[in-house]
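Data first, discussion second: the structure below is written as structure tokens.
The values are calculated or read from the model by the stated rules, or taken from the named source; none is laboratory data. What you are looking at is a predicted structure, and each value in this text was computed from that prediction instead of being measured. All Cβ positions, even for glycine, are placed from backbone atoms using ideal geometry, and neighbour counts span all protein chains on display. Just so you know, the surface numbers come from the protein's heavy atoms only, side chains and all, with ligands and any DNA or RNA stripped out. Shrake-Rupley method; radii C 1.70, N 1.55, O 1.52, S 1.80 Å.
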Amino acid sequence: MPPGAWPNWVMGSHDAPRIAGRIGEAQARVAAMLLLTLRGTPTLYQGDELGIGRVTIPADRIRDPQDLRQPGLGVGRDASRTPMAWDRSAHAGFSTAEPWLPFHEDWPLRNVIRQDQNPHSMLALYRRLLALRRRHAALNSGHFTLIPSEPGVLQYERYTNDERLMVVLNFTAEARSLIIPDESLISETLISTLPERSERTGLAANEGVILRLQKT
């Protein structure tokens, strides 16, 4: 990026399958941490905060002109444009009539009210990450430095003059180690993408963490 530039990060849109549909829910949690800790403006696409995956659109429910003009090619975008599921009521609380597209198949379990009641849900993770981004200047406006890491791991530091935070993302289904010159610099784990974090300095499979580092 040229000096003074400010990027806009986009992972999901109405033109591509939702992130959980592409890489699975475990890695979608890691992707959420990536999106909300990079330097720049994050763009969230509706449904990603619930972990909505791939949605099957019956042939008689297809609405996308691109798919209608090129049937059978799998170019339809309707699956990423399905409505939001708010609760277990009729039509998932989205409307009083049947929506133009079907909901994801697990909408009775994957909806806003259900996830709002679960402190370990995808929705809860997004809310915690957004709260951290608002609270820590290092995340919302700080500097960015990429740090060498193990294969399959992305590691970077976000920092200001007053604060140092390290983001470590494991893109693999295997445990990985952190690469940090002095482990005593880690003062605490602010958040993990997993419900429980048993290791202080190691990474579990499909895990992302934000660590607070001591100022040196």
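Pop the C-beta distance of Arg127 and Asp15 into the FRET formula with R0 = 25 Å and round what comes out to the nearest 0.05.
0.45
What FRET efficiency comes out for the pair His91/Phe144, r = Cβ-Cβ distance, R0 = 41 Å, nearest 0.05?
0.40
Hey, what's segment 139-216 come to in accessible area per residue, 1.4 Å probe, Å²?
50
Starting from the Cα of Gln214, step 7 Å along the direction of its Cβ; do the same at Asp162; then give the gap between the two resulting points in nm.
The modelled label-to-label distance comes out at 2.1 nm.
Have a look at Ala175, Ala97, Ala205 and tell me which one the Gaussian network model of the chain (Cα, springs below 10 Å) gives the largest fluctuation.
Its mean-square fluctuation being the largest, the pick is Ala97.
Share of segment 69-124's accessible area from carbon and sulfur, percent, 1.4 Å?
55
Viscosity 1.567 mPa s, temperature 4 °C: give me the Stokes-Einstein translational D for the chain in µm²/s, with Rh taken as the Kirkwood radius over C-alpha pairs.
It comes out at roughly 69 µm²/s.
Normalised by the number of residues in the chain, what is the relative contact order in percent for Cα pairs under 8 Å and 6+ residues apart?
Over the chain, the number comes to 17 percent.
Between Glu157, Glu49, Glu196, where does the largest GNM mean-square fluctuation fall for the chain, given springs only between Cα atoms within less than 10 Å?
In the Gaussian network model the winner is Glu196.
Of the listed peptides 25-38, 51-64, what is their order by residue-averaged count of other C-beta atoms within 10 Å, with the highest listed first?
25-38, 51-64
So what is the 222 nm mean residue ellipticity for the chain from helices alone, if each DSSP H run of at least 4 adds -39500 (n - 2.57) and you divide by all residues, rounding to the nearest 500 deg cm²/dmol?
It comes out at -5000 deg cm²/dmol, rounded to the nearest 500.
Taking every pair of distinct Cα atoms and averaging 1/r, then inverting, what Kirkwood hydrodynamic radius in Å comes out for segment 78-198?
17.5 Å is the Kirkwood radius here.
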